[in-house]
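The values are calculated or read from the model by the stated rules, or taken from the named source; none is laboratory data. Quick caveat, the model's predicted, so the values are computed rather than measured. Methodologically, a virtual Cβ is constructed for each residue, glycine included, from the backbone with ideal geometry; neighbour enumeration extends over all protein chains shown.
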Amino acid sequence: MSHPRTYSLPWEDYELIDAGGGKKLERWGKIFTIRPEVQAYFQSVEPFTEWRKKAHWEFIETSGTKGKWKCLQPNAPNKWQIKYSKLVLNLELTNFKHLGIFPEQRTNWDWVMDSLASTDKAINLFAYTGVMSCIARQRGAEITHVDAVKPVISWARENMESSRLLNIKWVHEDALKFAQREEKRGNTYDVIVMDPPAWGIGAKGEKWKLEDKIDSLMSTAAALLSPSGRLVMNTYSPMVSYELLQELAECYFPEMKCELTELFMDSKSEKHVYFGNLMRIYSKS
């Protein structure tokens, strides 16, 4: 069964050039990388030999989700900056193949940026390196940034400072546990952003899987969202289906409008890469 799709677009400092054969070729400013991509199960437009002539770095998987970067160009930097809108974002090669931002989230950044008011109170759960948090501050909104990994909170702080912003509220905690405490305190938010990983490790090392937590996450988010608020969530886990999210939205947000689509990213080669299910909840009025 086919579902509606949302296509996230490139911008001046980021491009998905080509994808296929379990990999993707991307441009981040002036730096090109090759990274594994399980959803690129189709054939690429150009052969990998041509990719490697362009790329500065290629990620080689060694075990599980970990690996190492192979330098393909002399003196290629392993840290650099790119821009998105007025934000300055710090990129760095990691042994988990990530560079510090998830560019497919651009469609959600735009959606929040277009609707966020300076009087809004927002919370960014599973906030990673804080692009959405910086967007909220750029718009003048109050933002609470929650992540269980201390080094990525430090990375988010660097992005805030590089973008000449101030006063993001940092919370080093398991996102769901913090949200549940906010519910008990009776706090509400005008904007809730959630980009939960398929599996995670809490601030104290506890392990969890999204399929085990998605019901609690949605019920807590429903309690935290103000009547005229907006929620955006992206789920990449294959264990959290489109149909399940549809059922949860109907259960926990019966009086609100739900837009549920599959998220894809456009590439220069016209190959489209799938990035999970995208849910947007907002007032019907």
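Details
- Subset of region 236-266 (residues that are free of Cβ contacts under 8 Å to residues at least 60 places away in the same chain, in contact with a strand residue (DSSP E or B) (Cβ under 6 Å, 6 or more places away or on another chain) and assigned to a loop (DSSP other than H, G, I, E, B)): Tyr236, Phe253
- Of residues in region 227-241 being among the small types (Gly, Ala, Ser) and more than 19 Å from Thr119 (Cβ to Cβ), the one farthest from the chain's Cα centre (by Cα): Ser241
- Residue in region 55-70 that is in contact with a helix residue (DSSP H, G or I) (Cβ under 9 Å, 6 or more places away or on another chain), in a loop (DSSP other than H, G, I, E, B) and over 22 Å from Ala156 (Cβ atoms) present: no
- Residue satisfying condition, being closer than 28 Å to Ser283 by Cβ and not assigned by TED's automatic domain parsing to the domain that holds Leu217, within set Leu87, Leu176: Leu87
- Condition check for Val146: of a type in the set (A, V, I, L, M) and either surrounded by fewer than 18 Cβ atoms within 10 Å (Cβ to Cβ) or modelled with pLDDT under 95 (or both): no
- Residue ranges of strands (runs of 3 or more DSSP E) in region 123-206 with at least 1 members in contact with a Lys or Arg (Cβ under 7 Å, 6 or more places away or on another chain) and farther than 17 Å from Ala221 by Cβ: 142-147, 169-172, 199-201
- Hits in region 71-100 - residues which are at negative phi, surrounded by fewer than 16 Cβ atoms within 10 Å (Cβ to Cβ), without any contact (Cβ under 8 Å) to a residue 24 or more places away in the chain and not in a strand (DSSP E or B): Gln73, Pro74, Asn78
- Consider region 21-58 and keep the residues that are closer than 22 Å to Ser237 by Cα and without any contact (Cβ under 8 Å) to a residue 60 or more places away in the chain. The one that is surrounded by the most Cβ atoms within 10 Å (Cβ to Cβ) is Lys23.
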